[in-house]
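Q: First the structure, then my questions, so here it is.
Nothing in this text is a laboratory measurement; each read-out follows from the coordinates by a stated rule. All of these numbers come straight from a predicted model, not from anything done at the bench. Backbone-built Cβ (ideal geometry, glycine too); neighbour counts: all protein chains shown.
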Amino acid sequence: MIMAKPMRKDRVLIHSAVLSTYVGDDGDSPGNPNSVDLKHIRIDEGRKYSNIDGRYEVIGNALMFVDAVNSVIDDGESTRSVTAADLITKSEIEFKGKTYSVQDYDTLYADSKQEEVHHWEVLLK
């Protein structure tokens, strides 16, 4: 079985961003109070389209690539690998002075049996 290598930090995962995790909105407090740094990611800005009933609709404004091995979360005290549980819909990503909202993500696997995650592709709007 051939396994895909992790994305390279020095050439592909060249960006960092701030992740504010969505924790819900109870009406009294903001929905995104916890912020951490995402390191060794890639964000490709540009509109993402979907063909719905013959019409192209904008479904996102950027695509974020998060590697299962090299991308990390840094909370200022420690670092850890990113997991799918960190990619919560409605969480906010701050990148280059812009704030994006996590819309959805796709999990891509390193092997054909889909046992080992290679990376996530996160749709941002």
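Q: Find me the longest stretch of the chain that has none of the exposed GluC sites (Glu not before Pro), where exposed means in a DSSP loop (not H, G, I, E or B) with at most 15 other Cβ atoms within 10 Å.
A: So the longest stretch without any such site is 1-76.
Q: Can I ask one more? Along its principal axes, what span do the Cα atoms of the chain show, with the longest given first and each in whole Å?
A: The principal-axis extents, from largest down, are 51, 49, 26 Å.
Q: Taking every pair of Cα atoms in the range 33-80, average 1/r, invert it to obtain the Kirkwood radius, and report Rg/Rh to two decimals.
A: Radius of gyration over Kirkwood radius for the range 33-80 works out to 1.18.
Q: Mark the label point 7 Å from the Cα of Y109 along Cα→Cβ and return the residues of the range 53-89 whose backbone N is within less than 17 Å of it.
A: Under 17 Å, as judged by backbone N against the label point of Y109, lie 68-69, 84 of the range 53-89.
Q: How do D74, D53, D67 rank when sorted from fewest to most other Cβ atoms within 10 Å of their own Cβ?
A: Fewest-to-most ranking of D74, D53, D67: D53, D74, D67.
Q: How many nm is it between the label spots at S16 and T83, if each spot is 7 Å from the Cα in line with the beta carbon?
A: For S16 paired with T83, the spin-label model returns 2.4 nm.
Q: Can you run the Rg to Rh ratio on the range 64-125? Use alpha carbon positions and the Kirkwood inverse-distance Rh.
A: 0.99
Q: Where does each of R47, R11 land when they are ranked from fewest to most other beta-carbon atoms within 10 angstrom?
A: Listed from fewest to most nearby Cβ atoms, that is R11, R47.
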